[in-house]
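The values are calculated or read from the model by the stated rules, or taken from the named source; none is laboratory data. These figures come from a predicted structure and were not determined experimentally. Quick note on the areas: whole protein, heavy atoms, side chains included, nothing else; ligands and nucleic acids left out. Shrake-Rupley method; radii C 1.70, N 1.55, O 1.52, S 1.80 Å.
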Amino acid sequence: MEPRAGVPAGGRSRRSGERAARGKAPHRPAASGTAAAPAGRGRTARWVVFDYAGVISLPPPEQAGALLPRTLDVAPERFWPEYWAGRRDYDTGDADASRFWSGVCARLDRAFDPDLLEVLVALDLRAWTHLNHDTVAVLEELAGAGVPLALLSNAPVELARLIDGHPWARLFRSRFFSADLRLAKPDPRMFRQVCERLGADPGDLLFVDDREENVRAAEALGIESVLFTDAPRLRSALCGAPAGLPRA
């Protein structure tokens, strides 16, 4: 996962911070524009590679986002900066759940024990598993048209294995997670690993993500990319891509 709101970094908006302060889990503001500039319209992208959080899953709803800070009895605006502070190491597997959550608790001056860990992990998974059914419909249409799909997500091992077990995950011929690759977007090595494992050149991929820094990193390697804002705009962008959806 990449930081949403609650921490002044990466151009996150004041409005997002206000959402976090009201108890919602922080999420990424909509980026300007709907599609990144393509790299090579003349090529046929054999694979369409999707991000998970913010594309296939929705931002955590207010109630789900409020449960984590409430469990630790801290205000949301105090909780979320500490949550994101160690999240990258958790996503890449450099820290396991116990190390990540004990660090969050220590920074918030809260006691930590194995029972609390189990609760925090469960609530965290719950927060990030609300599906965007409109995006899933696009995935089903692509898969039905024979388009090879891959998933590329910054996700800790618990979330990765939960995703693997969902029926919709079978739409993807390959699934790649930061916890397994020990790398996280926007690190270009992660995109290179995906290309290598798919047996594809960068120009054979079309990448969909809701964070501009990830899209730009992919483009820098020659991967055609679409900046996600919502499913209708995604479908429109894919209709114009060589390996996308047929026009109605």
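What does the C-alpha gyration tensor say about the overall shape of the range 92-188? Classify as rounded when a/c is under 1.5, otherwise prolate if a/b is larger than b/c, or oblate.
Prolate shape, in that a/c is at least 1.5 and a/b is the bigger ratio.
Cα convex hull of the range 118-242: how many Å³ per residue?
111
Extension gain R197-E141, at 0.36 nm per residue separation less the Cα-Cα distance, in nm?
So the chain would gain 17.7 nm between R197 and E141.
As a test of reading the structure, rank E196, E212 by solvent-accessible area (1.4 Å probe, protein chains only), most first.
Ranking E196, E212 by accessible area, largest first, yields E196, E212.
Tell me, what is the percent relative contact order of the range 60-209, built from C-alpha pairs under 8 Å that lie six or more residues apart?
23
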